[in-house]
1. What are the residue pairs meeting all of these: first residue in the stretch B:73-96, first residue aliphatic (A, V, I, L, M), second residue assigned to a loop (DSSP other than H, G, I, E, B), Cβ atoms under 8 Å, and 6 or more apart or on different chains?
2. Would you please name the residue that is surrounded by the most Cβ atoms within 10 Å (Cβ to Cβ), looking only at residues in the stretch B:209-231 that are within 30 Å of A:Leu372 (Cβ to Cβ) and within 7 Å of chain A (Cβ to nearest Cβ)?
3. In the stretch B:260-291, how many are more than 19 Å from A:Ser184 (Cβ to Cβ) and either in contact with a strand residue (DSSP E or B) (Cβ under 8 Å, 6 or more places away or on another chain) or within 9 Å of chain A (Cβ to nearest Cβ) (or both)?
4. For the condition of a type outside the set (Lys, Arg), buried (at least 20 other Cβ atoms within 10 Å of the Cβ) and at the interface with chain A (Cβ under 8 Å from one of its Cβ atoms), what is the one hit in B:Ser38, B:Ser24?
5. Does the stretch B:233-240 include one or more residues that are at pLDDT 90 or above and touching a helix residue (DSSP H, G or I) at 6+ places or on another chain (Cβ under 9 Å)?
6. Taking the condition of being outside any loop (DSSP other than H, G, I, E, B) and surrounded by fewer than 22 Cβ atoms within 10 Å (Cβ to Cβ), how many residues in the stretch B:189-202 meet it?
7. Only residues that are within 30 Å of B:Arg386 (Cα to Cα) and either touching a helix residue (DSSP H, G or I) at 6+ places or on another chain (Cβ under 7 Å) or assigned to a strand (DSSP E or B) (or both): list them for the stretch B:1-43, please.
8. Would you point out which residue out of A:Ala291, A:Ala310 is touching an Asp or Glu at 6+ places or on another chain (Cβ under 7 Å), surrounded by 20 or more Cβ atoms within 10 Å (Cβ to Cβ) and away from chain B (no Cβ under 14 Å)?
Amino acid sequence: MTFLILTFSLIAFSSVSYLVCRNRVLYKIKVTKTASKSLPKHYSQNLLIWSFVPAFILLLLLTIGTPRLLDGLYSERIAEAHPHFSLAEIQLNLSKVKNIVAGAVSSDEDSVNIIAGEFASSSQNFEILKSLSTILLCMLCSIIFIKNIDLSKNARESVENFLQGAFLVAAIFAILTTVAIIVSLSVEAIRFFSLYNFFDFIFGLHWAPNIAIREDQVAAQGSFGMIPVLLGTIVVATIAMFVALPIGLFSAIYLAEFASKPVRDIIKPILEILAGIPTVVYGYFAALTAAPFFRDLGAGLGISVSSESAIAAGSVMGIMIIPFISSLSDDVIRSVPQSLRDGSYGLGATQAETITKVVLPAALPGLVGAFLLAVSRAIGETMIVVMAAGLSAKLTVNPLETVTTVTVQIVSLLTGDTEFDDIKTLSAFGLGLALFTFTLLLNVLALTISRRLAERYD
Amino acid sequence: MNKDKRLKKRHAREKRLKFYGITSICIALMMLFTLLSSITLNGYTAMQQAYIPLKIIVPGEKLLNSDGEVDAQKALLFNWDSKVKKAFRTNFPEVKSRSDKKELNRLISSNSGYDVKQFFIKNVDAFDNERVIWITASDDVDQYLKGRFNTNISEEDRRLTNKQLNWIDRMRSEGLVKLKFNKNFFTSADSREPESSGILGAVVGSALTMFVTVLLSLPLAVMASIYLEYFAKPSRLTDFIEVNINNLAAVPSIVFGLLGLSLFLSFFGLPRSVPLVGGMVLALMTIPTVIIATRASIRAVPPSIKDAALGLGASKMQAAFHHVVPLAMPGILTGTIIGIAQALGESAPLLMIGMVAFIIDVPSSFTSPATALPVQIFMWADSAERAFYERSSLAIMFLVVFLIMVNLVAVILRRKFEKKW
């Protein structure tokens, strides 16, 4: 809460100092009767860069830092008061203290209450310190800046240099995100592999992430062989591609080559609606409409179909991917130069022959790229399979049976309260790393192939 | 002759290809229709809810303090449940035995005592008079009245006994239970009882999350795009940034959830289940999409405009901000709207950071536990009570209609302001 209030007060103060700075520049111009190098507003913008920006960064750092600092201080304080406490007990006590401060619980232990009182007062002190330091910094910087305005300096240039630097940081943010993903997944995954053999994970044929309730329980460790989970993912993705690829591709061919403009203008947006529907809606449809439909159909034919069959999840996922494939392929087909078509017509080919023998081969790299991107999407899709596919990992390729996927396992391992040093939780990061690597390879491959096509006809 | 045959064959192939195209488009459209109609058919009934009128007198002296206001302590101790149950049972004077009474009580919502209490706290002048209050019936009654209750299975397996069904039939014929507009659905947050659950909490949670997402992703994405289109010289770094952006746009959303879990929750120690973290995770996910759209629209502005500005002595920054960005604005906005619409429907990353908790309060700040609308849909679709399914469907209808409207706005914006050069 203090963060928002402080941000707003910083903004308010900065707007005042902005105007003050502007007037000061105008006044100086009037007094010294010399033209300034830049417009008055550029000096003011420069002021913001030198006052608001550092103050806001300080505020951010303090907001992130103070809770950790307090935690550190008070776990030491608790450790002093109770020298015999283990680390877990200290943490438990600390969260108890925090809850008391928040008013969520009350305690009748005097020692805890005393520490809670101290905690409350020092966190208040920290808040006051934070507010004072940020506002003071902002004021100080503003005053120094306004005092030392030099009209012969090019303020615009320095503003623009600052902005350019900020833009570069924003662009590098994309790299940082990727790095953050890789590092965070790897760190947790390495912790997992220190508890569980890497090769057993990659090549293991048995997936049963149970936690032991008793020490002597059979299979207390749980086994984390990802082959069955991977197989399930592949089964579901294959079914999805069987549905999506022909329908998406033929729709794209028709829309790009045969359809008249009005038809295209109507059909394309409607297909885009299909793309805009949230995946949770497809999941709902798969679980409550498609799955019973396939089960009843199977019962009618005398085949037993599981009520969480791979085919229900896969085919609904296919429907979801249709617009993805059709719009990507549509773009690719339309990017094939008209001259190729004209040449083919000139040699007497029919439209269908032109399409199958000239246009599609020319567009092939792009189509393959689209296909790979769609596969990567199918593998990473979560909600449909969470809602419609099962949890039990069987080593089967039968689409009528229950299968499980990587994403389903990640969700089921990580929802609810999770401990970070639990092998079960860590195994989810192992799966996450596998998923990321897999989709990364597919994406990079797809993007390289499509890039080749774009270069060929540019 | 042979030639004619071959020509016919070639033309037949042409027709076949066309036919395949039309068929697949028809299949896709049919799927869309099936999807939307099955959800509508499942969900429209949730607009109504079974209500039971009860005549209740509450003596004011027991609850009001000397200022004529409801005393909180007294209201807490007052047995509202039994008051409601007694009032309900006056309609069935013949029910005497304990077990029958229990069965009868199950027809009204177990939250009705609380609802009546809230009513009296709000309407202080209602004390001491006989008031007709419409309380919610239990979800089973509601489903039975809507014809969604399967009476063909044996009595032991059903949630309503034959006796209860007879009572409901009698109540219906006497006008003692009616389907009325389901107000709770729009004014309350989640609940264990389907009849008192609503989407308000999830909608507010989604709105807070989206606010954070827009605040973070729009400026960052626009800044990055301007850099890449204007200032970046072709170099390894630029190339690498581009590869990263394109790849991030195709990374599965659940991976961003894992990132949020281990970076924001575990490393930075931010709280679980809060819109602030949800918004940050969704922003990371949306930024690449918005960057790609923004760059495309910046590139669509002819370079001659920039060159003219530079020729007249503008700096690069001035050329960008005074001329190119304003012209590219419709495209940038469209891209942002589409990216945000995508984020609004996203649920997998939110599951990872714990926004899947059962929360009965409407969230009040960016750091109070909340859930989002798609996650609410997921939770309801996953629960055991049938009455939750139709609520899930109705919530989907609102979400989808909203998303379609948002996308339409984006399309209209683009059509209206887009300039052809």
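1. Pairs found: B:Ala75/B:Leu63.
2. Restricting to residues being within 30 Å of A:Leu372 (Cβ to Cβ) and within 7 Å of chain A (Cβ to nearest Cβ), the top hit is B:Ala224.
3. 1
4. Just one listed residue meets the conditions, B:Ser24.
5. There is no residue in the stretch B:233-240 that is at pLDDT 90 or above and touching a helix residue (DSSP H, G or I) at 6+ places or on another chain (Cβ under 9 Å).
6. Here the count works out to 1.
7. B:Ala28, B:Leu29, B:Met31, B:Leu32, B:Leu35, B:Ser38, B:Ile39, B:Thr40, B:Asn42, B:Gly43
8. Only one candidate qualifies: A:Ala310.
The values are calculated or read from the model by the stated rules, or taken from the named source; none is laboratory data. These numbers were taken from a predicted model, which means no experiment stands behind them. Reconstructed Cβ throughout: ideal geometry from the backbone, glycine too, with neighbour counts over all protein chains shown.
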